[in-house]
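*Asks:* For reference, the structure I am asking about is given below.
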Amino acid sequence: MSNTTLLKRIQSSFIGQQTQYPLVDGSISPRRYFDSAASTLMMRPAFEVAQNFLEHYSSTHSELHFSARGANRAYDWAHKRVLDFVGANSDIYSCYFAGSGATAGFNRVASELAILRPQRDVVIVSEMEHHSNDLPHRKHASKVIHLPLVGEGANCGGIDIDVAQETIKKYGSRINYIAITAASNVTGVMTPIHELAQLAHSVGAYIIVDASQMIAHAPISMQSEVLIEADIDVLIFSGHKIYAPGSPGAVIASKSLLKQTSPSEVGGGMVKNVYIEHFTPSDNLPEREEAGTPNIVGAITLACALDVLLNIGMQSILQKEQHLINLAWTKLSEIEGVNLYGPDPDQLPRTGTIAFNIVGFDHGLTAAALNDYHNIQVRNGCFCAHPYVREMLKRELWEINLDPDTPDIEAKVERKRGMARASLGIYNSEEDVLALCHAVADLASRQQEILLAYQPQGKSGYRHREFLPDQTTLFDPVTALEQSLKKL
Ligand SMILES: Cc1ncc(COP(=O)(O)O)c(C=O)c1O
């Protein structure tokens with residue numbers, strides 16, 4: 001099968017793409033999912049392989065029955081697929097699975113590197129980071145420097161490489177590592193990670209890359225094609241952001257670095273010998289980093305999704321998404337009363353994410369009305385990137401100019417402090433993007449009607465005054481279980 005045919009078939013293979021919900025006008029239609037930056041839908045073939053594995057399920061860590069042997073082989077294969085996907089030679093790098101997303105990986109690496117090089121007390125991050133690639137470093141390092149972004153206000157974003165260079169020169173041998181996102185989860189703006197790696201290595205610092213928002217959207221390679229000094233030391237991403245919900249986070253790290261650290265998680269499966277007096281961790285990677293019974297089903301699902309994407313080619317996916325994001329940017333910028341955030345995609349490349357606000361609407365109202373009137377699912381708020389969102393919104397927040405005695409002032413500010421975010425997955429089509437733009441234009445043109453139709457709820461919620469769909473619209477595990485039990 002050619003990669004174009006595979007791409008086409010895979011695009012319509014996702015579980016839940018056709019799930020239907022009711023709308024304010026009484027109709028029922030399939031949802032349009034634009035929330036992939038939070039979590040992607042499940043790729044059906046990957047899910048089916050994992051289901052198939054359940055026919056053979058057994059834990060790993062044993063070689064003596066068929067099922068355990070199969071589980072070991074599949075789990076090893078999952079590690080190898082991850083390494084291949086991120087262009088990491090298995091002689092140089094090892095991959096381990098951690099927690100249920102990227103956050104576990106950042107916490108582990110931050111604590112291990114702080115113990116490894118206490119004399120290097122500085123960590124550099126950017127103002128664009130997700131809290132998961134910021135707070136773990138604040139917890140473990142004495143000083144965390146936040147690199148400022150290019151530009152200021154609504155259109156800021158991206159790393160200023162000259163400022164990064166000056167900062168790295170200034171702190172020199174005090175820097176333990178630079179932890180940087182490959183792409184922002186708010187605006188999708190990409191970072192020149194290999195250039196930063198070279199700068200980090202020039203002062204003996206490591207580079208950790210948060211690939212959570214890049215992994216499903218663009219090719220990424222830990223090894224530079226040009227210079228060994230530009231290689232990435234550690235790369236972390238969440239499996240649920242690349243079409244394998246329920247899968248673990250993945251950490252890929254150079255073996256030379258891992259061998260210097262001692263594992264921060266201990267327990268079964270990672271030790272050579274345990275005596276009452278002491279224990280000796282295994283020398284084998286990645287076992288040494290994977291204490292406890294692994295999430296084998298999740299790892300297999302993830303590896304299958306990666307395998308399919310490798311066959312399609314990440315370059316084709318990038319091109320497709322760039323076309324869609326440019327289309328969305330152009331169409332949304334043509335709508336009067338819509339603010340777009342982050343740099344223009346013509347100036348700085350971005351992955352498939354656009355943050356916007358409809359002037360006069362709080363971010364929660366935009367998200368609720370897109371859902372209720374158009375069956376379009378977007379996320380809203382600050383997306384766990386408060387410093388970046390606050391910077392982009394600073395002018396708008398000044399302009400609110402609320403009287404400090406306004407009743408319920410905290411909730412009112414909170415409702416304004418945020419954006420709506422539409423993010424793409426491989427399943428989104430040009431038709432979806434045009435539907436999104438049409439829906440935003442529709443809501444912007446019916447301001448008064450929409451404002452009157454909703455009631456604010458709490459700090460960021462909005463509830464339609466009349467459209468109160470029956471609770472059975474929402475997924476309910478108890479009903480689903482009952483139905484499944486009836487089939488027994
Ligand atoms: C850029 C980025 N980094 C880290 C994370 C944290 O990922 P998880 O919640 O899967 O641990 C996210 C999640 O949204 C993200 O977008």
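*Asks:* Evaluate segment 153-173: report whether one residue or more is open to solvent by 20 Å² or more (accessible area, probe 1.4 Å), within 16 Å of the ligand (Cβ to nearest atom) and of a type in the set (K, R).
*Replies:* No.
*Asks:* Right, next: So in segment 2-50, with the set limited to residues that are part of a helix (DSSP H, G or I) and touching a Phe, Trp or Tyr at 6+ places or on another chain (Cβ under 8 Å), which one is farthest from M314 (Cα to Cα)?
*Replies:* R44
*Asks:* (1) within 27 Å of the chain's Cα centre (by Cα); (2) in contact (Cβ under 8 Å) with a residue 40 or more places away in the chain: which one isn't true of D476, the others all being true?
*Replies:* For D476, the failing item is (2).
*Asks:* Which of the residues belonging to segment 76-87 are open to solvent by 20 Å² or more (accessible area, probe 1.4 Å) and touching a helix residue (DSSP H, G or I) at 6+ places or on another chain (Cβ under 7 Å)?
*Replies:* Scanning segment 76-87 gives W77, R81, D84.
*Asks:* Quickly run through segment 232-249 and pick out the residues that are within 11 Å of the ligand (Cβ to nearest atom) and either among the small types (G, A, S) or assigned to a strand (DSSP E or B) (or both).
*Replies:* Matches in segment 232-249: I236, F237, S238, G239, S247, G249.
*Asks:* To continue, here is another question. Which of the residues belonging to segment 94-107 are touching a strand residue (DSSP E or B) at 6+ places or on another chain (Cβ under 7 Å) and over 14 Å from F237 (Cβ atoms)?
*Replies:* Within segment 94-107, just S94 meets the criteria.
*Asks:* Another question, then. Identify the residue in segment 350-366 that is within 23 Å of the chain's Cα centre (by Cα) and more than 16 Å from the ligand (Cβ to nearest atom) and, among all such residues, is nearest to I325 (Cα to Cα).
*Replies:* F356
*Asks:* Sticking with this one: Output yes when any residue across segment 112-119 is in contact with an Asp or Glu (Cβ under 9 Å, 6 or more places away or on another chain) and closer than 15 Å to L235 by Cα, and no when none is.
*Replies:* Within segment 112-119, none of the residues are in contact with an Asp or Glu (Cβ under 9 Å, 6 or more places away or on another chain) and closer than 15 Å to L235 by Cα.
*Asks:* Here is a list: A303, A291, A299. Which entry is in the same structural domain as G105 (by TED's automatic domain parsing), assigned to a helix (DSSP H, G or I), among the aliphatic types (A, V, I, L, M) and more than 16 Å from the ligand (Cβ to nearest atom)?
*Replies:* That would be A303, the only listed residue that is in the same structural domain as G105 (by TED's automatic domain parsing), assigned to a helix (DSSP H, G or I), among the aliphatic types (A, V, I, L, M) and more than 16 Å from the ligand (Cβ to nearest atom).
*Asks:* Take segment 183-231 and flag every residue that is in a strand (DSSP E or B), among the β-branched types (V, I, T) and either within 21 Å of G249 (Cβ to Cβ) or more than 16 Å from the ligand (Cβ to nearest atom) (or both).
*Replies:* If the condition is that a residue be in a strand (DSSP E or B), among the β-branched types (V, I, T) and either within 21 Å of G249 (Cβ to Cβ) or more than 16 Å from the ligand (Cβ to nearest atom) (or both), then I207, I208, V209 are the ones that fit.
Residues checked against (1) within 24 Å of Q213 (Cα to Cα); (2) surrounded by 21 or more Cβ atoms within 10 Å (Cβ to Cβ); (3) touching a residue at least 60 places away in the same chain (Cβ under 8 Å):
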| position | (1), (2), (3) |
| --- | --- |
| V49 | no, no, yes |
| E55 | no, no, no |
| T60 | no, yes, yes |
| A71 | no, yes, yes |
| A74 | no, no, yes |
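*Asks:* Return the residue satisfying two criteria in turn: it lies in segment 126-136 and is touching a helix residue (DSSP H, G or I) at 6+ places or on another chain (Cβ under 6 Å) and within 20 Å of Q165 (Cα to Cα), and of such residues it is nearest to the ligand (Cβ to nearest atom).
*Replies:* M128
*Asks:* Select, from N375, N339, N326, the only residue that is in contact with a strand residue (DSSP E or B) (Cβ under 6 Å, 6 or more places away or on another chain), farther than 30 Å from E48 by Cβ and more than 16 Å from the ligand (Cβ to nearest atom).
*Replies:* N339
*Asks:* Oh, and also: Check whether at least one residue in segment 256-264 is in contact (Cβ under 8 Å) with a residue 60 or more places away in the chain and among the β-branched types (V, I, T), and report yes or no.
*Replies:* Yes, because at least one residue in segment 256-264 is in contact (Cβ under 8 Å) with a residue 60 or more places away in the chain and among the β-branched types (V, I, T).
*Asks:* Now for a different question. Return the residue satisfying two criteria in turn: it lies in segment 10-38 and is over 16 Å from N371 (Cβ atoms) and surrounded by fewer than 19 Cβ atoms within 10 Å (Cβ to Cβ), and of such residues it is nearest to the ligand (Cβ to nearest atom).
*Replies:* Result: I15.
*Asks:* Return the pairs, sorted by first residue and then second, in which the second residue is of a type in the set (S, T, N, Q), the first residue lies in segment 270-293 and is over 16 Å from H61 (Cα atoms), the beta carbons are less than 6 Å apart, and the residues are 6+ apart or on different chains.
*Replies:* Pairs found: T280/N273.
*Asks:* Within segment 24-69, can you find the residues that are more than 29 Å from the chain's Cα centre (by Cα), hydrophobic (A, V, I, L, M, F, W, C) and not assigned by TED's automatic domain parsing to the domain that holds A182?
*Replies:* The answer is V24, I28.
*Asks:* Which of the residues spanning segment 88-109 are open to solvent by 20 Å² or more (accessible area, probe 1.4 Å), within 8 Å of the ligand (Cβ to nearest atom) and in contact with a Ser or Thr (Cβ under 7 Å, 6 or more places away or on another chain)?
*Replies:* Result: T103, single match.
*Asks:* H363 - would you say it is surrounded by 23 or more Cβ atoms within 10 Å (Cβ to Cβ) and out of contact with any helix residue (DSSP H, G or I) (no Cβ under 7 Å at 6 or more places or on another chain)?
*Replies:* yes
The values are calculated or read from the model by the stated rules, or taken from the named source; none is laboratory data. All figures in this text were calculated on a predicted structure; none of them were measured in a lab. With ideal geometry, Cβ positions are generated from the backbone for all residues, glycine too; neighbour counts draw on all protein chains shown. Keep in mind that these areas ignore ligands, DNA and RNA; they rest on the heavy atoms of the full protein, side chains included. Shrake-Rupley method; radii C 1.70, N 1.55, O 1.52, S 1.80 Å.
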